[in-house]
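*Asks:* Here's a structure for you.
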Amino acid sequence: MAVLLQLDHLVKKFGGIVAINDFSTILHQGELCALIGPNGSGKTTIFNVITGIYTPTSGQVHFNNEDISGIKPDQITGRGIARTFQNIRLFKGLDVLGNVMLGMHIHIASNVAEAIIRTPRYNLEEKVMHTSGMELLDALGLADFAHAEPTSLPYGKQRKLEIARALATKPQLLLLDEPAAGMSPSDAEELMDFITSVMQKFDLTIFLIEHQMRVVMGICPRIIVIDHGEIIAEGTPEEIQNNNRVIEAYLGVETHA
Ligand code: ADP
Ligand code: MG
């Protein structure tokens, strides 16, 4: 399989804090890879560097063999990388369909001014976005909620809507930042099944951050574990769960082999 994402020796410092320290990995097309680690270990910062929210202090991000380090977030979205956030970010003034259509705006020809004054070209594009937005919601089992206020949805559906909005940008790579945070084990399991089905349906590569190892073990063939911004283990769920460095990082105690 082709290399889709390549992270080379990424370092991100905030003043004296080294949030990511020499992080390198490769994601191949079609892969589902988990990134796990204790709170504050640098997981979200890695996503923020990939998506251009932060410029790396050093190191490079390559996507489809192009160096995208330091380019703007909307340009990176346009290249085919979409994400969700650890804290749900949905627009309250828009209904569910409106939130999804918002994700589609990066692929239309009309600019913001044309959208505001509603030129004929924008009206046509809006019709197309409306149709594809409904198709997307339908494919994800959210069509019944198209005209609901996002915050009125149960938490699990809000998480799915965030994924729907990310998919509206037509990504090749989807970055999910703790999508199951705060869910019961059975809701988390249902969401993980949803993620694998979405991955197949939309032919995606997924990089999935999770705090708890258990949540991703059933679905991710490869797991990367970081602590203090550094990779401390990488492998299959079986390889990871008995790794002493991983156990130490999570329990904050020393173990002896
Ligand atoms: P995780 O997602 O694994 O919980 P983060 O990537 O959010 O961890 O944070 C890693 C470290 O970087 C933490 O010590 C955090 O306080 C620090 N950090 C993250 N973003 C910033 C920022 N914008 N300014 C200063 N420190 C930050
Ligand atoms: Mg985080």
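The values are calculated or read from the model by the stated rules, or taken from the named source; none is laboratory data. Please read all numbers here as calculations on a predicted model, not as lab measurements. Backbone-built Cβ (ideal geometry, glycine too); neighbour counts: all protein chains shown. Calculation scope for accessible area: heavy atoms of the full protein, side chains included, ligands and nucleic acids excluded. Shrake-Rupley method; radii C 1.70, N 1.55, O 1.52, S 1.80 Å.
*Asks:* Tell me which aspartates and glutamates have Cα within less than 12 Å of LYS72's Cα, excluding those fewer than 8 residues away on the same chain?
*Replies:* Partners within reach: none.
*Asks:* Can you give the helix-only mean residue ellipticity at 222 nm for the chain, where every DSSP H stretch with n ≥ 4 adds -39500 (n - 2.57) and the sum goes over all residues, rounded to the nearest 500 deg cm²/dmol? Let's see the in-between values first.
*Replies:* Working: 10 runs with 98 residues, N = 257.
So the calculated ellipticity at 222 nm is -11000 deg cm²/dmol.
*Asks:* Placing +1 at every Lys and Arg Cβ and -1 at every Asp and Glu Cβ, with all other atoms neutral, what dipole size does the chain have around its Cα centre, in debye to the nearest 20? Before the final figure, lay out each step's value.
*Replies:* Details: 20 positive and 30 negative charges, 152 e Å.
For this selection, approximately 740 debye.
*Asks:* So how much slack lies between VAL18 and TYR250, counting 0.36 nm per residue of separation and subtracting their Cα-Cα distance, in nm? Display every interim value, and only then the final one.
*Replies:* Numbers: separation 232, 0.36 × 232 = 83.52 nm, distance 1.94 nm.
That works out to 81.6 nm of additional length.
*Asks:* Still on this structure: If you roll a 1.4 Å probe over region 208-250 with all protein chains in place, what percent of the accessible area is carbon or sulfur? List each step's numbers first, then the result.
*Replies:* Values: 930 of 2030 Å².
On region 208-250, the fraction of accessible area on carbon and sulfur atoms equals 46 percent.
*Asks:* What net charge is computed for the residues neighbouring ALA139, neighbours being all others with C-beta under 12 Å from the C-beta of ALA139, Lys and Arg scored +1, Asp and Glu -1?
*Replies:* Once all neighbours under 12 Å are counted, the net charge is 0.
*Asks:* If you put +1 on each Lys and Arg Cβ and -1 on each Asp and Glu Cβ, how big is the dipole of region 149-198 around its Cα centre, in Debye rounded to 20? Show your work: numbers first, answer last.
*Replies:* Working: 5 positive and 8 negative charges, 55 e Å.
The dipole of region 149-198 has a size of about 260 debye.
*Asks:* Further question on the same structure: With only Lys, Arg, Asp and Glu charged, each at its Cβ (+1 for the first two, -1 for the last two), find how big the charge dipole of region 116-165 is about the Cα centre; round to the nearest 20 debye. Present the calculation step by step, with values, prior to reporting the outcome.
*Replies:* On the way: 7 positive and 7 negative charges, 27 e Å.
Rounded to the nearest 20 debye, it is 140 debye.
*Asks:* Take the eigenvalues of the Cα gyration tensor for the chain, scale each by 5, and report the square roots as semi-axes in whole Å, largest first.
*Replies:* Values for the chain, descending: 33, 22, 16 Å.
*Asks:* Using the alpha-carbon centroid of each, what span in Å lies between region 22-72 and region 77-109?
*Replies:* If you average the Cα positions of each part, the centres end up 20 Å apart.
*Asks:* Probe of 1.4 angstrom, ligands and nucleic acids ignored: what's the accessible area per residue over the chain, in square angstrom?
*Replies:* Values: 12410 Å² over 257 residues.
Counting only protein heavy atoms, the per-residue value for the chain is 48 Å².
*Asks:* If you roll a 1.4 Å probe over region 118-190 with all protein chains in place, what percent of the accessible area is carbon or sulfur?
*Replies:* On the way: 1880 of 3460 Å².
About 54 percent, which is the carbon plus sulfur part of the accessible surface.
*Asks:* Next question, about the same structure. Scan region 49-130 for trypsin sites (Lys or Arg not before Pro) in coil per DSSP, keeping those whose Cβ has at most 11 other Cβ atoms within 10 Å, and list them by number. Intermediate results must be reported in sequence, preceding the final value.
*Replies:* On the way: sites: ARG79, ARG83, ARG89, LYS92, ARG118, ARG121, LYS127; in loops: ARG89, LYS92, ARG118.
Counting only loop positions with at most 11 other Cβ atoms within 10 Å, the trypsin sites (Lys or Arg not before Pro) in region 49-130 are ARG89, LYS92, ARG118.
*Asks:* Given a Förster distance of 35 Å, report the FRET efficiency between LYS127 and ASN65 from their Cβ-Cβ distance, rounded to the nearest 0.05.
*Replies:* On the way: r = 36 Å, r/R0 = 1.03.
After rounding to 0.05, the efficiency reads 0.45.
*Asks:* Looking at this model, which pairs from LYS12/LYS160; LYS12/LYS201; LYS160/LYS201; LYS13/LYS170; LYS127/LYS201; LYS12/LYS92 are more than 26 angstrom apart at the alpha-carbon? Can you show the working numbers first?
*Replies:* On the way: LYS12/LYS160 30 Å; LYS12/LYS201 34 Å; LYS160/LYS201 15 Å; LYS13/LYS170 31 Å; LYS127/LYS201 24 Å; LYS12/LYS92 33 Å.
Those over the limit are LYS12/LYS160; LYS12/LYS201; LYS13/LYS170; LYS12/LYS92.
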